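Student: Take a look at this one; I'll ask things after.
The values are calculated or read from the model by the stated rules, or taken from the named source; none is laboratory data. The structure displayed is predicted, hence computed values, not measured ones. Note that we place each Cβ from the backbone using ideal geometry, even for glycine, and neighbour counts take in every protein chain shown. For the accessible areas, the whole protein counts, side chains as well, though only heavy atoms, and no ligand, DNA or RNA atoms are used. Shrake-Rupley method; radii C 1.70, N 1.55, O 1.52, S 1.80 Å.
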Amino acid sequence: MQSILDHWTRTDPDDRLAHLVRDVARGLRRSLQLRLSEHGVQFGHWAFLRVLWLRDGLSQRELSDQTGLTESTTHTALNRMQGLGLIRRSHVAGNRRRMHVFLTDSGRALEHTLVPLAVEVNDIAVRGLRAEQVELLRSALQTALAHRAEDEPQADREGRRITSPRDQGKAG
């Protein structure tokens, strides 16, 4: 982590914003991972738990959409979470096709333990900033996110696609 900090403070403090955001996100993720692992929770399950604590009973597809993860990633994580007793999956009345995800009592109880850990990580990240600086940072990042959300449909309209790693090796 020190070498990344040195990059931003000494080597190239004006490097591209996208790289800074990536490095900050990685650092926050690692800080949270360290705390979650003390409770036997994988970081990959965190996004699903957060969504389910707010809206239990979503379909697997809705959960993928809410977390921004692929359906195959969601399926794999949910299998593991079910094995750990954090969730259960079942059909809801009137829909035998769609599988819905529900927290178990164990999964629900983790909210009281894990959310304070995430709050702690956020508090560490903004330590020393005034409230108005935090609000400005939040606003700027939300604006950047909104612009990013506008960019993807535009790219789609222009026919730009992300090439899968499997397709990158194929001759065109």
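Student: Mind checking which residues of segment 67-101 are more than 19 Å from the chain's Cα centre (by Cα), surrounded by 11 or more Cβ atoms within 10 Å (Cβ to Cβ), part of a strand (DSSP E or B) and not basic (K, R)?
Tutor: Those that are more than 19 Å from the chain's Cα centre (by Cα), surrounded by 11 or more Cβ atoms within 10 Å (Cβ to Cβ), part of a strand (DSSP E or B) and not basic (K, R): H91, V92, M99, H100.
Student: Kindly list the number of the only condition in (1) in a loop (DSSP other than H, G, I, E, B); (2) under 23 Å from L32 (Cβ atoms) that fails for G57.
Tutor: G57 satisfies every listed condition except (2).
Student: While we're looking at this one, here's another question. Filter segment 149-169 down to residues that are at pLDDT 75 or above, loosely packed, with under 10 Cβ neighbours inside 10 Å and not acidic (D, E) and give me whichever is nearest to A18 (Cα to Cα).
Tutor: My answer is A149.
Student: Restricting to segment 34-65, name every residue that is within 25 Å of D123 (Cβ to Cβ) and either of a type in the set (F, W, Y) or within 12 Å of the chain's Cα centre (by Cα) (or both).
Tutor: F43, G44, H45, W46, A47, F48, L49, R50, V51, W53
Student: For segment 44-63, does any single residue satisfy the condition of being among the polar types (S, T, N, Q) and free of Cβ contacts under 8 Å to residues at least 12 places away in the same chain?
Tutor: Checked against the condition, which is being among the polar types (S, T, N, Q) and free of Cβ contacts under 8 Å to residues at least 12 places away in the same chain, segment 44-63 yields no hits at all.
Student: Okay, next question. Select, from R88, R80, the only residue that is touching a His at 6+ places or on another chain (Cβ under 9 Å), of a type in the set (D, E, K, R) and in contact (Cβ under 8 Å) with a residue 12 or more places away in the chain.
Tutor: That would be R80, the only listed residue that is touching a His at 6+ places or on another chain (Cβ under 9 Å), of a type in the set (D, E, K, R) and in contact (Cβ under 8 Å) with a residue 12 or more places away in the chain.
Student: Look at G44 and say whether it is of a type outside the set (V, I, T), open to solvent by less than 40 Å² (accessible area, probe 1.4 Å), within 24 Å of F102 (Cβ to Cβ) and modelled with pLDDT under 95.
Tutor: The answer is no for G44.
Student: If you go through segment 102-117 one residue at a time, do you hit one that is open to solvent by 80 Å² or more (accessible area, probe 1.4 Å) and under 27 Å from V24 (Cα atoms)?
Tutor: For segment 102-117, residues open to solvent by 80 Å² or more (accessible area, probe 1.4 Å) and under 27 Å from V24 (Cα atoms): present.
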